[in-house]
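Asker: A single structure is presented below for examination.
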Amino acid sequence: MIDENSGPPRPVPARYVLFDVDGTLIDAVANQRRVWAAWAARHGLDPAAVHRVALRTRPLETFAEVAPERDPQACLAALHELEDEDVRSGAYAAFDGAAELLAGLPPGRWALVTSNYGHRVRGRFARTGLPVPDVVVDAACVAEGKPSPVPYLLAAERLGAAPQDCLVVEDAPSGVESGLRAGMTVWGVNTPAPVDGVHRHFTGLHEAVPAILAFARGGHRDVTG
């Protein structure tokens, strides 16, 4: 009698890891505060008040709330100028564990998904010595940013990955929502308490490194941890 289940084992699907950048791999909190402070000073606004709004909104939404009488495109151009200058001259640091993590991932199996622009991400990575993957989905790639699922779905498509085989690593509520809406596993890092919805939570990126590498190498599928 032939055992129909005795054939060769089915191959395990490849796993993919999709990273947010600011707050997840790169510590840019102080840089963002300085940029927004300089922008606020140009417009005669209170830097602390502007930064509080900028933390929870996208730039055009920030301008609409803190400077509704000003041309939003002019505001955006000024912000871009300041951000580009900060990439050239500001001090940046990668979170502990980032270099080890990215170096240990299988080539072609990870991507960056950021609300920033690609040239700034590459500039920051060059400053911190981190490798840049082939796939970078930035603000210029999508019409809908986080918390829409579009950025993470596009990254998966470009990697040739199914959403269910992707792990999203995030620190921000909008990014977590984006990954969840894309149907992916989402782990949170670099926050003292879990962001609502994450499947696993790590207070620091370095604590997550072994688990992320195990996921990428097909070691486990534990999403609850």
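Asker: Determine the relative contact order of the chain: mean sequence separation of Cα pairs under 8 Å and six or more apart, normalised by residue count, in whole percent.
Answerer: 24 percent
Asker: HN-Hα J couplings of the stretch 63-80 from phi, Karplus 6.51/-1.76/1.60, θ = phi - 60°, integer Hz, Gly and Pro as x?
Answerer: Running phi through 6.51 cos²θ - 1.76 cosθ + 1.60 with θ = phi - 60° gives 4, 4, 8, 9, 9, x, 8, 9, 5, x, 5, 5, 4, 5, 4, 5, 5, 4 Hz.
Asker: List the residues whose amide H sits under 5 Å from the amide H of LEU167, counting only those 5 or more places along or on another chain, with H placed 1.01 Å from N in the peptide plane.
Answerer: TYR16, VAL17, LEU18
Asker: Stokes-Einstein at 37 °C, 0.692 mPa s, Kirkwood radius from Cα pairs: D for the chain in µm² s⁻¹?
Answerer: D = 177 µm²/s.
Asker: Right, next: What distance in nm separates the two pseudo spin-label positions at ARG33 and GLU100, each 7 Å out from Cα along the beta-carbon direction?
Answerer: So the two model labels end up 2.8 nm from each other.
Asker: With charges set only on the Cβ (+1 for Lys and Arg, -1 for Asp and Glu), what does the dipole of the stretch 146-225 come to about its Cα centre, in debye to the nearest 20?
Answerer: Using Cβ point charges on Lys, Arg, Asp and Glu, the stretch 146-225 gives about 160 debye.
Asker: For the stretch 76-185, what does the alpha-carbon gyration tensor say about shape, rounded, prolate or oblate, given a ≥ b ≥ c as the root eigenvalues, a/c under 1.5 as rounded, and a/b over b/c as prolate?
Answerer: Details: a/c = 1.94, a/b = 1.28, b/c = 1.52.
Taking the square roots of the gyration eigenvalues as a ≥ b ≥ c, the stretch 76-185 is oblate.
Asker: Tell me what the chain gives for mean residue ellipticity at 222 nm when only DSSP H runs of n ≥ 4 count, each as -39,500 (n - 2.57), the sum divided by the residue total, rounded to 500 deg cm²/dmol.
Answerer: On the way: 9 runs with 97 residues, N = 225.
Estimated from H runs of four or more residues: -13000 deg cm²/dmol.
Asker: Taking Rh as the Kirkwood radius computed over C-alpha pairs, what is the Stokes-Einstein D of the stretch 30-135 at 37 °C in a medium of viscosity 0.692 mPa s, expressed in µm² per second?
Answerer: The diffusion coefficient I find is 214 µm²/s.
Asker: Right, something else. Can you pull the Kirkwood radius for the stretch 131-225, inverse mean 1/r over Cα pairs, to one decimal in Å?
Answerer: Across the stretch 131-225, the inverse of the average 1/r is 13.6 Å.
Asker: Another question, if that's okay. Along the stretch 33-40, what does the Karplus equation 6.51 cos²θ - 1.76 cosθ + 1.60 (θ = phi - 60°) give for ³J(HN,Hα), rounded to whole Hz, x for Gly and Pro?
Answerer: 5, 5, 4, 5, 5, 5, 5, 4
Asker: Among bridges DSSP assigns within the chain, what percent are antiparallel (round to 5)? Present the calculation step by step, with values, prior to reporting the outcome.
Answerer: On the way: 2 of 20 bridges.
Within the chain, antiparallel bridges account for around 10 percent of the total.
Asker: Another one. If you place +1 on the Cβ of every Lys and Arg and -1 on the Cβ of every Asp and Glu, how big does the dipole about the Cα centre of the chain come out, in debye to the nearest 20?
Answerer: Approximately 240 debye in magnitude.
Each value in this text was obtained by applying a stated rule to the coordinates, not by laboratory testing. From a predicted model like this one, the values you see are computed outputs, not experimental measurements. Please note: Cβ atoms are built from the backbone with ideal geometry, for glycine as well, and neighbour counts cover all protein chains shown.
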